Ligand SMILES: Cc1cc2nc3c(=O)[nH]c(=O)nc-3n(C[C@H](O)[C@H](O)[C@H](O)COP(=O)(O)O)c2cc1C
């Protein structure tokens, strides 16, 4: 298991905080690096959430989510949303989308999605979402590789 994790960790990724809110106001936010694009037409993305995550039922109930792609200086936010806690959003700068999803400030991009399907994937749930709105804000992204946060270095 450890050796598999270490090998998978060689695949460098960005880092996102996926947020949601239910219609009755319950919020959840989780740091993930399993986010990826699936399709452009229709516009689909996916991410995977551990079945053991306390927030898993909240994402299923909400039926929608926002993917907030973190900037290079947002490793603190990544740590916060990767640590279980009663209110991860306390003191975090957010705004509410028109459909009531919490959107984090200072990110390089966000995608507002409606959950299309949720598949069983071993010990994770695979959420596939249709992108309804997105914004590219730009800037340097946060990178995760081999269990550590990195910054991009310029390529010639
Ligand atoms: C860089 C990074 C990437 C992560 N990616 C995932 C992921 O893709 N899926 C997942 O279920 N947990 C992932 N985690 C762990 C969750 O963020 C962590 O378990 C979190 O506490 C879950 O939120 P919850 O306890 O509020 O449900 C990642 C953690 C870090 C630091």
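Every read-out reported here was derived from the displayed coordinates using simple, explicitly stated rules and does not represent laboratory data. Since we're looking at a predicted model, the values are computed, not measured. Reconstructed Cβ throughout: ideal geometry from the backbone, glycine too, with neighbour counts over all protein chains shown.
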- For region 87-117, enumerate the residues that are over 13 Å from the mean Cα position of the chain (by Cα) and part of a strand (DSSP E or B). 94, 95, 96, 114, 115, 116, 117
- Query: Of the conditions (1) without any contact (Cβ under 8 Å) to a residue 24 or more places away in the chain; (2) within 11 Å of the ligand (Cβ to nearest atom); (3) under 18 Å from residue 131 (Cβ atoms), residue 57 fails just one. Which one is it?
  - Reply: (3)
- Task: Take region 1-51 and flag every residue that is farther than 28 Å from residue 140 by Cβ and away from the ligand (no atom under 13 Å from the Cβ).
- Result: 1, 2, 3, 4, 21, 22, 23, 24, 25, 41, 42
- What number of residues within region 123-145 are within 14 Å of the ligand (Cβ to nearest atom) and either exposed (fewer than 11 other Cβ atoms within 10 Å of the Cβ) or free of Cβ contacts under 8 Å to residues at least 12 places away in the same chain (or both)? 1
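Is there a residue being touching a helix residue (DSSP H, G or I) at 6+ places or on another chain (Cβ under 8 Å) and in contact (Cβ under 8 Å) with a residue 24 or more places away in the chain anywhere in region 71-86?
Restricting attention to region 71-86, the residues satisfying the condition of being touching a helix residue (DSSP H, G or I) at 6+ places or on another chain (Cβ under 8 Å) are none.
No.
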- Note on the structure: Over region 1-30, the set of residues within 25 Å of residue 146 (Cβ to Cβ), within 14 Å of the chain's Cα centre (by Cα) and not in a loop (DSSP other than H, G, I, E, B) is 13, 14, 16, 17, 18, 29, 30
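Looking at the structure I just gave you, is residue 77 within 10 Å of the ligand (Cβ to nearest atom) and surrounded by 13 or more Cβ atoms within 10 Å (Cβ to Cβ)? Talk me through it step by step, then tell me what you get.
On the way: within 10 Å of the ligand (Cβ to nearest atom): no; surrounded by 13 or more Cβ atoms within 10 Å (Cβ to Cβ): yes.
So residue 77 does not fit the description; no.
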